[in-house]
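Only one structure is covered here, and it is reproduced in the block below.
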Amino acid sequence: MAWLYGSDAVQQLSENVVLYDLAQIRGNSAVLSRIPDNIGGVYAWYRRFEIDANAINDPQVFANYILEELCKEHSAPRETKLPPAHKIKLQAETSFSKELLLKELAADSSFRQLLFMLLNNSLIFQQPLYIGKATNLYSRIRSHIREGSILRDRLADAGHKINRCRLLIIHTSYNTNTVPDSVDEDDELDNQIEEDYEFSKLASDKLVEDILSRLFLPSFTLRYG
């Protein structure tokens, strides 16, 4: 049971807010057909937990599923130079020291049901995987979900499939200009400055993205703003 959102593939949460469950939408074309073109706004990617139906009644399957999810990296690695002759690389810590306790409690059906309920409502608890802002949401999402995209590969390296995630879109503007397909995705992902400063309003939208990123700390965004 979901508390604040249902289980439909596409849900209109409010007038300008739409939640997409990509795991229920087959193929990139089907996803894009549900996203309006020439609409600008803010968007966020969220992790989705797909729970094996067998785990409901099988403690071992349940425990293995939870352990598998715990082992997935929860953030992108960070690397920087440490002058004069070193560099530092930070990676997600995924070790879990309570495996025996998990397997013991997994035998209790009420414990399994509790975790199932919480994971089904994980959007309430989790930080975004990524937050972005685009003058053309259709073009930006198309860039993200295509094979070989930077964000898709970044998430895949950590064990997350972008086409099994949830996507939250907030429409903020109507844009009569189309964004060219040749925009470099490096700019799209982390700088996104290609068209953002052509108009003063876009600069303010850019600031919104920066503020949201700093407040909610999306774990696979490497640079804010």
Mean separation of Cα contacts under 8 Å (at least 6 apart) over the residue count of the range 1-110, i.e. the relative contact order in percent, is 16
Residue separation between residue 33 and residue 67 times 0.36 nm, minus their alpha-carbon distance, gives in nm 8.7 nm
With every protein chain kept in place and a 1.4 Å probe, the residues 73, 147 fall, from largest accessible area down, as 147, 73
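Can you sort 111, 220, 96 by 1.4 Å-probe accessible area, starting with the largest? Show your work: numbers first, answer last.
Values: 111 50, 220 0, 96 85 Å².
The most accessible residue leads, giving 96, 111, 220.
Once a ≥ b ≥ c are taken as the square roots of the eigenvalues of the Cα gyration tensor of the range 9-144, is the result rounded (a/c under 1.5), prolate (a/b larger than b/c) or oblate (a/b not larger than b/c)?
oblate
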Regression test value, accessible area per residue of the range 62-120, probe 1.4 Å, units Å², expected 72
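For the range 28-72, give the percent of accessible area contributed by carbon and sulfur heavy atoms, probe 1.4 Å, rounded to a whole number. All intermediate terms of the calculation are to be shown ahead of the outcome.
Numbers: 1010 of 2100 Å².
That fraction is 48 percent.
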Of every hundred units of 1.4 Å-probe accessible area on the range 80-176, the number belonging to carbon and sulfur atoms, as a percent, is 55
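The values are calculated or read from the model by the stated rules, or taken from the named source; none is laboratory data. What you see is a predicted model, and the numbers here were worked out from it, not measured in a lab. SASA here: full protein model, heavy atoms, side chains in, ligands and nucleic acids out. Shrake-Rupley method; radii C 1.70, N 1.55, O 1.52, S 1.80 Å.
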